[in-house]
């Protein structure tokens, strides 16, 4: 049975390190959550190692700058890693045969705010799929777009046999209370159409291994991953053998019918966890201390 706790203090001594999600846990894309900042600050003062791990399709330095704008201080975490950083490092270093096989002409599917992903890379960025060797997918061109806006482009990419790199496996995100779909939605549709896909970020093990190496906590039994997505945060924690702590009042908040404090309906929580392939060891309403 998964225990529902009012705050992290009930189990905080079980761990020496925490891998903490950003969106839905520390902020909602518009404002930071003061109670989450307070909770992580208490962990830091207790000597815990803190890694912020985000499926943001941007470089880690951009994530740090955005956090600062939202009121999340750079020194709150010992490590900041993003799916965009992991994708950029693979594009830059070509560390495996899959990347070494890529051509040099890249079609970037994403908004202008993600153009930092191109900087420092030795690729030619083209504007037509027909001139590309592969697709870098960082997200949608507009907040109000839906999958239907991209089906034609995705079908053309598959017909051209273009590999796709997805720099954000998230399907959806909640920005200021409104649901938006992410690069993971178009990437999964591309895969279903028969396209070749390589994704970076949670729940994939590689990005956790980067965090472990940077954190310096060697005993995985003493590390917990905190997040609001069963599909990415909790599944990723399970994949790499660490405990997952689930935040109820995030992307699953509506289906859990959370109250004003983020507490989920017990029956709906039980049903959701029973249907999930990965299970957390504990549930918190929000990242409260």
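Just one of (1) loosely packed, with under 15 Cβ neighbours inside 10 Å; (2) touching a residue at least 24 places away in the same chain (Cβ under 8 Å); (3) assigned by TED's automatic domain parsing to the domain that holds residue 50 fails for residue 221. It is (2).
For the range 1-36, residues that are part of a strand (DSSP E or B) and either at pLDDT 95 or above or over 15 Å from residue 284 (Cα atoms) (or both) total 7. Consider the range 264-284 and keep the residues that are in contact with a strand residue (DSSP E or B) (Cβ under 8 Å, 6 or more places away or on another chain) and not in a helix (DSSP H, G or I). The one that is surrounded by the fewest Cβ atoms within 10 Å (Cβ to Cβ) is 279.
Filtering the range 179-198 to residues that are in contact with a helix residue (DSSP H, G or I) (Cβ under 8 Å, 6 or more places away or on another chain), free of Cβ contacts under 8 Å to residues at least 60 places away in the same chain and not in a helix (DSSP H, G or I) leaves 181, 193, 194, 195, 197.
Entry remark, the range 16-50: residues being surrounded by 23 or more Cβ atoms within 10 Å (Cβ to Cβ) and farther than 12 Å from residue 76 by Cβ number 5 in total.
Scanning the range 229-249 turns up at least one residue that is out of contact with any helix residue (DSSP H, G or I) (no Cβ under 7 Å at 6 or more places or on another chain), buried (at least 20 other Cβ atoms within 10 Å of the Cβ) and assigned to a strand (DSSP E or B). Only one entry in 10, 46 is assigned by TED's automatic domain parsing to the domain that holds residue 232 and farther than 11 Å from residue 288 by Cα, namely 46. Here is a check on your reading of the model: is residue 241 at positive phi and at pLDDT below 95? Taking the combined requirement at face value, the residue does not satisfy it. Of the helices (runs of 4 or more DSSP H) lying entirely inside the range 37-131, the ones with 1 or more residues being more than 22 Å from residue 204 (Cβ to Cβ) and modelled with pLDDT of 95 or more are found at 60-70.
The values are calculated or read from the model by the stated rules, or taken from the named source; none is laboratory data. A quick note: this is a predicted structure, and the numbers were derived from the prediction, not measured. Cβ atoms come from the backbone with ideal geometry, glycine included; neighbour counts cover every protein chain shown.
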